[in-house]
Structure formats: structure tokens, C-alpha cells
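Following: one structure in C-alpha cells, then a few remarks.
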4 protein chains.
Amino acid sequence: MKKIILFALPIFMLMAFTRQDKVKVIFFGDSITQAGVNPGGYVKRIDSMARVQGKMNYDFIGAGIGGNKIYDLYLRMEDDVLSKNPNVVVLYIGVNDVWHKASSGTGTDADKFAKFYQAVINKIKAKNAKIILCTPAVIGEKTDGSNQQDGDLTEYSKIIRGLAQKNELPLVDLRKAFIDYNNKNNKENKDRGILTTDRVHLNAIGNQLVADEMWKAIQAL
Amino acid sequence: MKKIILFALPIFMLMAFTRQDKVKVIFFGDSITQAGVNPGGYVKRIDSMARVQGKMNYDFIGAGIGGNKIYDLYLRMEDDVLSKNPNVVVLYIGVNDVWHKASSGTGTDADKFAKFYQAVINKIKAKNAKIILCTPAVIGEKTDGSNQQDGDLTEYSKIIRGLAQKNELPLVDLRKAFIDYNNKNNKENKDRGILTTDRVHLNAIGNQLVADEMWKAIQAL
Amino acid sequence: MKKIILFALPIFMLMAFTRQDKVKVIFFGDSITQAGVNPGGYVKRIDSMARVQGKMNYDFIGAGIGGNKIYDLYLRMEDDVLSKNPNVVVLYIGVNDVWHKASSGTGTDADKFAKFYQAVINKIKAKNAKIILCTPAVIGEKTDGSNQQDGDLTEYSKIIRGLAQKNELPLVDLRKAFIDYNNKNNKENKDRGILTTDRVHLNAIGNQLVADEMWKAIQAL
Amino acid sequence: MKKIILFALPIFMLMAFTRQDKVKVIFFGDSITQAGVNPGGYVKRIDSMARVQGKMNYDFIGAGIGGNKIYDLYLRMEDDVLSKNPNVVVLYIGVNDVWHKASSGTGTDADKFAKFYQAVINKIKAKNAKIILCTPAVIGEKTDGSNQQDGDLTEYSKIIRGLAQKNELPLVDLRKAFIDYNNKNNKENKDRGILTTDRVHLNAIGNQLVADEMWKAIQAL
């Protein structure tokens, strides 16, 4: 009898582990996150780090679509995020809201960015999922403040920092992390090639930096 | 007994009239609709026309906010429209989606305009309200096709016409109506002053034209 | 003695023909003209037509640079045009002045377009060269007026038509010619592929149409 | 004999002073310089400082026109500057080249900004006038790098600094001076009201700061 119980416990634990206790983490964002699920991408790297550390109770899911802005997330969040009952949603958005002002005249006004961002937070909260906010990293890696949209991207990052504080949510400040890294490692003031391939999308080091920062925040929840 | 019945009937009718049978029409849009509820505005004019014609069973409500684009309607439609249980929603939006491309770099991409517009339609349909679509009228009244954003506004109007057809919804083609009116009445190729005060917002004649077209469509439902 | 004179005359004439009497025509413009000197390009086609017709006394020179707007022409006209002592300058510019408003926020204001255009005309006139003006053809070939920048391109074409009239200069109205051609030959309302490869740059038929129109205007001088 | 000489000298000196030796300084720029000649403006302040210091041999002339970009200066420099035979030209331009990208889609590309700027320098040099370059100060006074166009304005300032070095010309680095001043005096991170009235145009303190910096540079020639 005792033996049976001893044997049964691990089975129960395993079942619980695989079926009930897995922490579902959805990364919700734009093309950076869409690429994040590819080999070498930041989502894949987080998954690998978790496995190496023996933390098998996570399910990491990418929900990134190229060109997305905050209001696109709001439009598709029911289908792509909430319907999947996530435990954690990592919000990583904002580059296109700024970038598209210059490239196609279809960026997002700052006040509306804040309004939609809050609405996205509200909907995730209502589903009792935890939320991690991220600032958009860079549009250009030059360190002397001369990337065309540095000012605007800093402004939108401030909006997100403010929302993290107001909503008492953890923040992964990628903009700060990227600028700090570049200040140390981009002495030649290059506009790409340090953490990005093309001023915006992540190279291997950039993906790893994002993965490290997010994985810390996920574990700290 | 008969007398009592004769007396009772009007009371019953009056009750039904005020409490159950009023058709609630919400005009959902931007600054043009926001101004529409002012004296002389198109919503007020529809209300007056209905009363003059003895059609008292309508409740006309303006839900316009300056600067709104299609995605702003989507964000606030629960609070400002659906929660009020409308019988009819008149959708009159699109000018800012085009205009803000040139004025602040924050217009709406055509494909996203279509996507959000369809999402707004879907939500209204799900509440069993009737829907009337409108094309955005003008950004500039010149008749020789040389208003800066004529091409884009025509494109977005085509998107709305397509959505009306696809969703089998009545369409008030204000863009066509305004162009037809200007072709007849704007021989001097002025950019404002015929139906608008400032190339976009309606003067008295513009408000009356919109009121006439919408009132026809509302009665035809 | 007589024989020598008879023999000398043709030689003199030939010398005059090759050295003094050749009509130097410079096509001054943007990437469309830059491509115009390639095989199949409109400048090459004009050259071929002239030769076939036995009109050997022309020297056709392309002076197009990609991305140029009216003020770029003004900046480089001394070096690239006036220093070559042209007899005729064909001005074919305007697409980028409009296009770059939407693509990079660096278009040209209409009033400054007119001002620089007049300044370019004045400088060519001061060198006693003849001038032919051209309207910019298309940014998109759709025939229902729904190409995004149709309105603005029509406005800038009107400015050029006005300058042609005011300065009493011949006009090759390419915008009109392209729209007329598309109205007849683009029943499917395609945005490219009729006279352009990519909504702006000319395919073989487009190059031939431009060549035909310009060659007529050059001969009519 | 001696007396006559003693008497004659001052007359000669006075004549030289008023007719021949006056240093003609032209301030060449946009609306900031246009306002600079008004009471309290930076040109008027330089004039006053010179007089107070007894330096009467200067003639300060404003040549600013609202909305001007570098290519507008190039277009009108013959009429408004060179024809007046200046001894010194102070070039103060660049705000609109950046600003109009966001406000009307008609800014100036960086490479063309550099090209026209060099062309303006060349033309002034050819007239043997001395040149002082200035960086554009601010579009927004926030000190945390979040003014929308901070990045771009810094980039265009770098272009001007590079041109000063390449052409061995004195530089008044107004962008640096304004940022330094704000870092000390704008602890509340306001976007206006420290040195500007409206994020761009100068208040009294801003006009005095510009006057001080320029007056130093003029005297150092």
C-alpha cells in the first residue's frame, strides 16, 4: 500500500505539472516578436534558457505580427491572446507607432498610444493574467542622440514607464538596456550592427539581450 | 365600458410611444458629428425634419468626438454606442484617417482602415442594431481633382462602398453627393465655402445636405 | 577653280552641320530621365526616331538624376545644363516633389515648387535656350481617381500649366496624355503595368508615349 | 599748417568710419531671424550691445524670412545678401528643414541639406565675405531627450558642425548652448518658456543668449 502511494505521487505531480501548472507566457508584439519565435529569436532563447535551467513548467508562445501598432494589438487581442488563457502576457510594442510617422504618415499620436495601451492592459487584467510591459528598444543605434526618431521613441518609452508605474506592473526597460549596451559597445557611433541588423530588428546579441531581460522579469513575477 | 376603452387606448399608445417604440439613432463619428448636435448641425436638422413631418418616434443622439479615426470609434464604441442600445447606428468616419497622414503623420493605413471598419460593423451587428454607412465627404471642395488628398479620400470611400456591398448595408455616399453638388454649384473651383467653412467642416448648406441624405436613408430602413 | 569651290561647299556645309548647327537638346529631370538614356528609354527613342526620319542635326543629352526635385535642378543647372550651352532644355520634373511628402516627409511645398520652377525657367531664358515644360505623368495608374496622390499631382501639374502660359512656353502635358491613355487602355483600373512598371517609372509603352509627345514638341519649336 | 592737419585728421577718420570702414553684418535665416530685427530681437540686441561698447563701426542687417529652409536661402541669396556686399554673413538656418517633415511632409533630406548648405557657403566665400555658421537651437526645450525631433535636429546640427570644420569657419553652436542652458535652468522638463515662447521662437532670454553668442563670434573674426 505504501509503495503504491509513493509511486502514485510523482505521477500525480507530473500530471499536474504538464496539464495544470504550466505557466503560459504569450509575447504580444510586432515583427520583432514575430521573428522572435524563429531559431535564434528571443522567444526561442528564453525557451532554451528555461529548459537548460530545468524549468520545464513554462509554455512560451509568440504572438507577433509585422507592422503592428498598439491599436492592432487591441483589435486582435481577443483572438490571439485572451482566448488562449495566458498566465502571463509580455507586451512589446511601440516601434511602429513612432516609425510609421516618418515612413508612411501612419504613426500613432502619443495620447492615443497611451489610451490604447491602457485599454490593452485593462483587458488582460480582466482575464487575471499577469502583465509585463516593455519599452521599444531602438530605431537606429547611434549613441550621440542623432537617430532621427530618438526623441519620439524616448517620449513613447516614457509613456510606457508611466503606465507601468500607474498600473503597478513590472517593466522591462529595453530602451534603457539597449542604450546602455550601445554606450559601452558602440564606440564608433554606428546606426546598426550592434544589437540590430537594420536599425530595428534584432541580431543574435540583441535577441539574447532581450531574452535575458525578459526571462529575469518572468521569473520575478 | 366602451368609453373606458376609448379613453384607455391613447394612454396605452402614449406609453408605448415613449417607452418602447422610439427608434434610437446614434450618429457615430468625428468632429463633423460633434458639431452636428449644435444648432444648425446636421443631427439637429434631422431631428427638426422628423418633428415637422410628425415623426415623433425617433431619438437622435450624436456621438462624435473631434480627431477620431476608425480605430478610435472601435475603442470607445462599447461605452458611447453599444451600451445605449441603439436601434440604428450611422457610421460617419474617415476624414481624419486620411487627413492626418499629411498634417501630423498619424493617418490610418488603408488595409487597417478596412479591418477596423469591419470590426466596428461586426460589433454593432452583434447587438442587433441596424447600420448605415457613410463615405467621408471632402477635404477641399475644388472640382478639378486637385485637392491634395482627393485620391486618398476617394480610395477610402471605395473601401467603405465595398464594405457596404459585402455586408449588405445601406450606404449614404456623401463623397459622391458633395462632389455632385460642387460640380453644379462651385463653378469657380473654390476649395471651401460651398458646403464647408474650412475645406472639411460643414456650413449650413453642407449640414442640410448631410441631413437630407441621412434622413432619407434612416426612413428607408 | 570652279570645281574646287563646288567641292568645298559641301565640306563647309558638313562642318557647319556637325560643329555649329546641331541642335543640342538637354532633357533635365529625375530618375525617369536618368533611365531615359538607357536602351529603350525615352531619350534613346527620340534619338532613334530622329535618325529614322533623317533628322541628323540633333544632339540629345540626358541630364536626369534619381530623387531630384525642382530645387535640385536649380542647384545643379549651371554645371549640368547651362555650361553645355543647350539650344533646347526639356524640363521634366515634379513627381518627387509630390511623392516624397508621403514616402519620407521631404516633398516640396506648392508655393516653393512654383518659385523654384520660375527661377529655373529664368536662368535658361537668360542663356537664350528654348524651353519645353512637361507635367509629371503619374504616381499610380488607376483611372478612377483613387491613386493616393492624384490630387496633389494634379495640383502641381496645374502649376506647371500656369507657368507655361505665363511664360509663353510650349507644354508637353504628360499627365493629361497618360490619363487619356489609361482611360482607354486600363479598363481593369490597375495601378501599374500600363505605362509604368511600378506606378512611376516608364515601361516600353510609357517611354514611347513620352518620346512621341516630346519629339512633336521639339520639332514644333 | 599743423593746425590744419590736426583738424583734418578727425574729419578723414570720421569719413572713413561712416563711409568706408563700417562692417556690414547680415543675419541670414528664417522666422527666428525675421523676428530678430524687432524690438527685443537678437539682431536689435547685438546692435545695442555694440553701441553701448562704443563699437559704432557695425551695420547689422536682418535677412530672415519665415518658413525658410536651406534651399530657400540659396534661391534668394543673390538678391537679399550678396547684392548688399556684406562683410560678414551669419547663417542661422535648419529648424524648418527638420520641423516641416513632421508638420507638412516638406522637410529637407539630410544629404540635400548638406549639399545646399555647402553651396551657400561657396557663394558667400566667392564674394569674399566672412561667414559664421550656427546650429539650429531647439524644437522643444525638454531636457530628457524626448522632444519629438531631438534626434533629427541633433543630426542636422552635426552636419553643420562638420561643415564648419571642413570649411574652417567659426561656429556658434546654439544647439549646444540652448541644451546647456536648459540643463541648468529647466529642472521641470518644460517644453517651452525657458528660452522660447512656443518650443521654437525665442523669448527675451533666448534672444539675449543668441545675441551674446553671436556677438562674441562676430568680434572674434
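The values are calculated or read from the model by the stated rules, or taken from the named source; none is laboratory data. This structure is a prediction, so every number in the text was calculated from the model and none was measured. Every residue, glycine among them, receives a Cβ derived from its backbone with ideal geometry; neighbour counts consider all protein chains shown.
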Practice task
Answer yes if at least one residue in the range B:199-214 is closer than 26 Å to residue A:112 by Cα, among the aliphatic types (A, V, I, L, M) and more than 13 Å from every other protein chain (Cβ to nearest Cβ), and no otherwise.
Solution key: yes
Problem - Residues that are more than 16 Å from residue A:164 (Cβ to Cβ), touching a helix residue (DSSP H, G or I) at 6+ places or on another chain (Cβ under 9 Å) and among the polar types (S, T, N, Q), drawn from the range A:103-131 - result: A:103, A:104, A:106, A:108
Problem - Residue within the range A:105-113 that is modelled with pLDDT of 95 or more, within 20 Å of the chain's Cα centre (by Cα), more than 18 Å from residue D:146 (Cβ to Cβ) and part of a helix (DSSP H, G or I) present - result: no
Practice task
Name the one entry in B:43, B:37 that is farther than 19 Å from residue B:139 by Cβ, away from chain A (no Cβ under 14 Å) and either surrounded by 22 or more Cβ atoms within 10 Å (Cβ to Cβ) or acidic (Asp, Glu) (or both).
Solution key: B:43
Completion exercise
Scanning the range D:68-77 for residues that are touching a residue at least 24 places away in the same chain (Cβ under 8 Å) and either more than 8 Å from every other protein chain (Cβ to nearest Cβ) or within 15 Å of the chain's Cα centre (by Cα) (or both) gives D:68, D:69, D:70, D:73, D:77
Exercise for the section: Determine if the range C:61-74 includes at least one residue that is at pLDDT 95 or above and more than 30 Å from residue D:100 (Cα to Cα). Expected result: yes
Exercise for the section: Determine whether residue A:67 is on the phi > 0 side of the Ramachandran plot and surrounded by 24 or more Cβ atoms within 10 Å (Cβ to Cβ). Expected result: no
Practice task
Answer yes or no as to whether residue B:193 is modelled with pLDDT of 95 or more and within 14 Å of chain C (Cβ to nearest Cβ).
Solution key: no
Exercise for the section: State the number of residues belonging to the range D:146-167 that are more than 7 Å from every other protein chain (Cβ to nearest Cβ) and either under 16 Å from residue D:195 (Cβ atoms) or at pLDDT below 95 (or both). Expected result: 2
Completion exercise
Checked against (1) more than 14 Å from every other protein chain (Cβ to nearest Cβ); (2) part of a loop (DSSP other than H, G, I, E, B); (3) surrounded by fewer than 23 Cβ atoms within 10 Å (Cβ to Cβ), residue A:143 satisfies every condition except (1)
Handout entry: Selection status of residue C:60, in contact (Cβ under 8 Å) with a residue 60 or more places away in the chain and in contact with a strand residue (DSSP E or B) (Cβ under 8 Å, 6 or more places away or on another chain)
Key = no
Exercise for the section: Please work out which residue is surrounded by the fewest Cβ atoms within 10 Å (Cβ to Cβ), limiting yourself to the range D:86-131 and to residues that are at the interface with chain C (Cβ under 10 Å from one of its Cβ atoms) and of a type in the set (D, E, K, R). Expected result: D:111
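This table checks each residue for (1) surrounded by fewer than 18 Cβ atoms within 10 Å (Cβ to Cβ); (2) over 13 Å from the mean Cα position of the chain (by Cα); (3) part of a helix (DSSP H, G or I).
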| residue | (1), (2), (3) |
| --- | --- |
| B:178 | no, yes, yes |
| B:182 | no, yes, yes |
| B:188 | yes, yes, no |
| B:192 | yes, yes, no |
| B:207 | no, no, yes |
| B:210 | no, no, yes |
| B:214 | no, no, yes |
| B:218 | no, no, yes |
| B:221 | yes, yes, no |
